[in-house]
Amino acid sequence: MSDDVVAVTGASGRVGRRVADRLGAAGVPLRLVGRDPGRLPDVPGAVKAPPAAYGDGEAMRAALDGADTLFLVSAHESPGRVAEHRTAVDAAVAAGVGRIVYLSFQGAAPDATFTFARDHWHTEQYVRAHEGLAHTFLRDNWYLAGIPAMTGGDGVIRGPAGNGRVAAVAHEDVADVAAAVLLARDGRHDGAAYDVTGGEAFTLAEAAEEMSRATGRTVRYVPETRDEAYASRAGYGAEPWEVDGWVSSYEAVARGELGAVSDTVERLAGHAPMTLREFLAEHPRSYAHLTG
């Protein structure tokens with residue numbers, strides 16, 4: 001194993017934590033980066049960096065000093081997310097990082113229907129603009145965990161997804177792919193952009209059927225129009241940009257932008273991706289709000 005140090009951001013989150021665990025088990029020298037080091041996991045052989053937020057260039061540079069590769073988990077959605085990403089990338093380059101593996105989103109494009117996917121495209125372009133910086137983009141689909149999370153306590157999934165399909169993927173599978181890319185030190189993934197999806201694409205009506213099987217109660221999908229979607233979310237007290245993201249994520253499904261199935265998990269991680277049925281069987285807590 002190389003002595004190259006890999007810095008992992010978002011190590012207290014669902015993907016970053018799993019990536020850190022996998023790399024630690026492989027004996028990779030790790031630097032865990034986060035705003036609150038107290039929330040970072042204890043991973044054998046890992047060093048917890050000083051506190052650093054993406055938008056604080058000086059703190060990020062100090063946190064990444066001595067790292068060779070950066071696994072950059074995208075920041076929480078916000079109007080300033082792209083600016084935060086740019087600051088983090090600049091700090092990484094200034095600290096001497098030579099490779100960035102960025103957790104992006106499937107369909108990242110300047111005109112993507114899903115508004116947050118546009119942030120990922122701008123971030124990708126900024127990384128590409130740094131000459132000599134090796135990079136790989138992992139464009140994951142919706143997470144399987146989001147299916148029960150978007151199901152209301154009344155057993156209804158609501159949204160303007162029509163009959164579109166989504167190739168949702170498990171956090172575990174994304175982490176397996178990320179670890180495989182980070183462990184490869186021969187440049188084989190440099191410049192690549194991989195769609196990371198589940199092995200099936202399903203409609204939300206089909207997802208509701210699987211949820212019904214898992215929970216033992218009737219779960220339904222109720223298609224909404226755009227106006228209905230905004231109205232049904234008006235009571236959450238969220239900012240307009242956030243509601244735009246919620247609604248447009250369903251619209252991206254309706255327009256077929258998230259239905260393409262890739263072989264990335266099987267090809268890079270060496271196993272078939274988890275299905276929705278398997279996810280629900282392995283994670284019953286994900287739908288505890290439906291079973292009481």
Members of the range 107-121 that are open to solvent by 20 Å² or more (accessible area, probe 1.4 Å), in a loop (DSSP other than H, G, I, E, B) and not hydrophobic (A, V, I, L, M, F, W, C): GLY107, PRO110, ASP111
Pair list, Cβ < 8 Å and 6+ apart or interchain, from the range 124-139 residues that are touching a residue at least 24 places away in the same chain (Cβ under 8 Å) and surrounded by 15 or more Cβ atoms within 10 Å (Cβ to Cβ) to residues that are in a helix (DSSP H, G or I) and of a type in the set (Lys, Arg): TYR126/ARG86; HIS135/ARG128
So the check is Cβ under 8 Å with 6+ separation or different chains; which pairs have a first residue in the range 151-171 that's touching a residue at least 40 places away in the same chain (Cβ under 8 Å) and a second one that's surrounded by 23 or more Cβ atoms within 10 Å (Cβ to Cβ) and part of a strand (DSSP E or B)? ILE157/THR151; VAL169/ASP140; VAL169/VAL196
Taking ARG22, is it more than 22 Å from the chain's Cα centre (by Cα), at pLDDT 95 or above, farther than 20 Å from GLU77 by Cβ and of a type in the set (Lys, Arg)? no
If you scan the range 233-245, which residues turn out to be assigned to a helix (DSSP H, G or I) and either without any contact (Cβ under 8 Å) to a residue 12 or more places away in the chain or open to solvent by less than 50 Å² (accessible area, probe 1.4 Å) (or both)? ALA234, GLY235, TYR236, PRO240, VAL243, GLY245
Of (1) assigned to a loop (DSSP other than H, G, I, E, B); (2) open to solvent by 70 Å² or more (accessible area, probe 1.4 Å); (3) over 21 Å from PRO148 (Cβ atoms), ARG217 fails just (3)
Residues to consider are ASP227, ASP190; find the one that is open to solvent by 50 Å² or more (accessible area, probe 1.4 Å), in contact (Cβ under 8 Å) with a residue 24 or more places away in the chain, more than 19 Å from VAL261 (Cα to Cα) and charged (D, E, K, R). ASP190
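The values are calculated or read from the model by the stated rules, or taken from the named source; none is laboratory data. All of these numbers come straight from a predicted model, not from anything done at the bench. All Cβ positions, even for glycine, are placed from backbone atoms using ideal geometry, and neighbour counts span all protein chains on display. The area values use the complete protein model at the heavy-atom level, side chains included, leaving out ligands, DNA and RNA. Shrake-Rupley method; radii C 1.70, N 1.55, O 1.52, S 1.80 Å.
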